[in-house]
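What follows draws every value from the coordinates through simple rules; no lab data is involved. Nothing here was measured: the structure is a model prediction, and the numbers come from that model. Virtual Cβ from ideal backbone geometry, glycine too; neighbours counted across all protein chains shown.
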Amino acid sequence: MAAAALPPLPPQFKSIQHHLRTAQELDKREPVVAYYCRLYAMQTGMKIDSKTPECRKFLSKLMDQLEAMKKQFGDNEAITQEIVGSAHVENYALKMFLYADNEDRAGQFHKNMIKSFYTASLLIDVLTVFGELSEENAQHRKYARWKAAYIHNCLKNGETPQPGPIGMEGESFADVEREETGSSSVHGGTTQPTSSSSTYEANNVPTTNYAGIHIPPGAHAPANTPAEVPHNTGVTSNTIQPAPQNIPLVDPSLCSAQSAGEVHLTPEDFARAQKYCKYAGSALQYEDVSTAVQNLQKALKLLITGRE
């Protein structure tokens, strides 16, 4: 990236160092997500301390990076339109969450899976750039953070974690954060990732509800996921197959539906319909046909009936 490297991270900004590290790791693979990670760090840093000289200097350099990225990706809708960017970041966070959840349920416990849970929670933090989190995303974040801490602590203590959702008890997240801090450097504009990178792979993704958290059907890892299998997981590259798509049936009533009387759509209705269409487009980028169909049906129903 053309922007100048960041100076050393001020102690006041410790809470955003992991989001900046994630941005560095995703710069080449997912520059849009990397951009919003930096934007989240910028907004959060401004709230923490924008007056101390070292903080002002750091934030100024971070703003330079953001401006350089906007110039570089100025023709990308996910950068220029927040509604598209929100859908893009949300989809990527969910794919990472689904990979980690699938590995967990399969009893494949390893550092790469822990980091995927952890990074998914950080990316859900980033969604606050676009407004308040939905209840579903808030629960995903809570579960991902707890799972990362629980599995990390089990492995550290030589215990076998229990797969899948179990009663959430108090777990210290500090060890996970310390390990992530030790695996990379934020300042200087460089990253030295360890073998526990945030790479993740497609596999059979579960379709279920747990603790009020809904896992949508038919989701799988993005098509541009690097072909790298985590070490020591017992999975070989020739076993990695995309999950079969569970395509929802199209509601036949929508094909022949006519408005009952004159439907008055509000600006909010149009905005919601546009949001569903953007979500559908983002889902198709990840070859997630099921989610695309569901969102397009929601948009169609809203436009025809005025109701969701």
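Among the listed pairs Lys57/Lys142; Lys61/Lys111; Lys47/Lys71; Lys57/Lys275; Lys47/Lys70, those with a Cα-Cα distance over 29 Å are Lys57/Lys142; Lys61/Lys111; Lys57/Lys275. Highest-first packing order for the peptide set 129-142, 42-55 is 129-142, 42-55, based on the mean count of other beta carbon atoms within 10 Å. Using R0 = 22 Å, the C-beta based FRET efficiency linking Leu66 and Lys28 works out to 0.80.
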